[in-house]
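Beneath this line is the structure, given in structure tokens, with notes to follow.
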Amino acid sequence: MVTAFLVVGSCLLSCRNNSPSDLPSFSGQRSFEYLQKQVSFGPRVPGTDNGAICRKYFREFLGNLGARIDMVSFLHIDKITGKEIPMINIIAHFRGKDANANTYLFAAHYDSRPRAEYDPDSTKRNMPIDGANDGASGIAVLMELANLISVKPPRANIDFALLDGEDWGLPGDHDEYFLGSKEFIKRSIKEKYKFVIVIDMIGDSDLKIYREEYSSRYSLELTNLIWNKAKKLGVNAFVDSIGYAILDDHISFMTIGLPSAVIIDFNYPYWHTTSDTPDKCSPKSLEAVGRVLTAIIYEL
Ligand SMILES: [Zn+2]
């Protein structure tokens with residue numbers, strides 16, 4: 001699997017340069033409210049009512065901004081229980097100003113984990129998590145980006161994928177993770193997108209985002225674009241060295257040869273615990289990531 005990843009485009013970008021003052025202003029506060037709202041529905045575990053209510057909220061939000069929306073349903077058969085778990089990816093399409101421009105994908109998962117296996121309190125380890133950072137933070141940034149591009153469309157076409165089933169499996173059982181992105185790559189998307197940026201766990205109040213190893217190794221041009229942009233904007237939460245190797249939805253896109261990178265701060269003490277709640281996250285952190293992505297989107 002690994003060597004197949006070397007097929008990476010060499011011409012991702014046309015590199016327009018906007019000065020920061022030309023860019024729409026990404027509101028960390030508004031994005032944080034979207035994070036709180038998601039958590040207010042309760043854990044968004046696949047197949048639950050909470051998940052369905054949250055999806056309705058996303059659909060209305062994105063539809064009101066003028067996106068064309070695909071709700072893509074699929075069934076996952078859980079390896080252990082044999083139960084069929086209904087899952088749904090939400091894909092929102094925003095047309096750019098130039099009909100002939102390329103299309104780029106920004107993705108995050110909205111499901112939250114059905115169990116808190118690393119909770120310090122062993123009696124809570126079978127409880128579902130709120131996933132304020134692990135789940136809601138990435139979507140909260142996509143939602144604010146959607147606000148910006150609905151008001152001021154960029155040149156390129158931008159799609160957002162709100163993916164289900166990223167965090168389903170038991171630790172180490174990789175077949176049971178990244179289910180939404182594994183489903184999405186079956187839909188002939190390699191020709192459609194020029195690259196994919198995945199964001200996950202980017203709300204931590206103590207934000208430090210290192211380069212992720214697989215992203216740097218197999219999608220170096222895209223990874224350079226992100227970290228160079230952060231440097232140029234003076235967003236110090238992005239640290240320009242490799243900090244960890246993470247399996248996340250970006251790996252699914254890599255398996256079909258799409259340049260793909262994940263933006264993630266994996267040093268989060270509340271990971272997969274019932275303490276992954278909004279008070280551990282901050283508007284400032286969402287804004288740091290949002291500013292970098294805004295600058296990238298408007299130069300595509
Ligand atoms: Zn997780």
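The values are calculated or read from the model by the stated rules, or taken from the named source; none is laboratory data. Owing to the predicted nature of the structure, the values given are computational and were not obtained by experimental measurement. FYI the Cβ positions are ideal-geometry reconstructions off the backbone, even for glycines, and counts take in every protein chain you see.
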Count of residues meeting criterion [more than 16 Å from the ligand (Cβ to nearest atom), touching a residue at least 12 places away in the same chain (Cβ under 8 Å) and out of contact with any Ser or Thr (no Cβ under 8 Å at 6 or more places or on another chain)] in region 178-205 | 4
Cross-chain or 6+ apart pairs with Cβ under 6 Å, region 134-156 first and in contact (Cβ under 8 Å) with a residue 60 or more places away in the chain, then basic (Lys, Arg) and away from the ligand (no atom under 16 Å from the Cβ) | Glu144/Arg30; Arg155/Lys97
Is it true that Phe61 is within 20 Å of Gly138 (Cα to Cα), surrounded by fewer than 20 Cβ atoms within 10 Å (Cβ to Cβ) and aromatic (Phe, Trp, Tyr)?
-> yes
Some residue of region 209-232 being surrounded by fewer than 23 Cβ atoms within 10 Å (Cβ to Cβ) and closer than 30 Å to Asp121 by Cβ | yes
Does Arg291 meet the test of being of a type in the set (D, E, K, R), more than 16 Å from the ligand (Cβ to nearest atom), assigned to a helix (DSSP H, G or I) and buried (at least 19 other Cβ atoms within 10 Å of the Cβ)?
-> yes
Number of the condition not met by Thr123 [criteria: (1) in contact (Cβ under 8 Å) with a residue 24 or more places away in the chain; (2) more than 17 Å from Phe253 (Cβ to Cβ)] = (1)
Taking the condition closer than 27 Å to Ile91 by Cβ, crowded, with 24+ Cβ neighbours inside 10 Å, within 16 Å of the ligand (Cβ to nearest atom) and among the aromatic types (Phe, Trp, Tyr), does Phe253 pass?
-> no
Confirm whether Lys79 is in a loop (DSSP other than H, G, I, E, B) and at negative phi.
-> yes
Test Pro24 against the criterion of being in contact with an Asp or Glu (Cβ under 8 Å, 6 or more places away or on another chain) and at pLDDT 95 or above, and give yes or no.
-> no
Could you run through region 77-114 and say how many residues are without any contact (Cβ under 8 Å) to a residue 24 or more places away in the chain and in contact with a His (Cβ under 8 Å, 6 or more places away or on another chain)?
-> 1
Going through region 130-142 in order, the residues found to be in a helix (DSSP H, G or I) and within 13 Å of the ligand (Cβ to nearest atom) are Ala132, Asn133, Asp134, Gly135, Ala136, Ser137, Gly138
Can you pull out the residues in region 92-128 that are hydrophobic (A, V, I, L, M, F, W, C) and either closer than 30 Å to Leu222 by Cβ or more than 16 Å from the ligand (Cβ to nearest atom) (or both)?
-> Ala92, Phe94, Ala99, Ala101, Leu105, Phe106, Ala107, Ala108
Could you please give the count of residues in region 233-245 that are within 16 Å of the ligand (Cβ to nearest atom) and either surrounded by 15 or more Cβ atoms within 10 Å (Cβ to Cβ) or among the basic types (Lys, Arg) (or both)?
-> 0
Restricting the search to region 256-273, which residues are among the hydroxyl-bearing types (Ser, Thr, Tyr), within 17 Å of the chain's Cα centre (by Cα) and within 16 Å of the ligand (Cβ to nearest atom)?
-> Tyr268
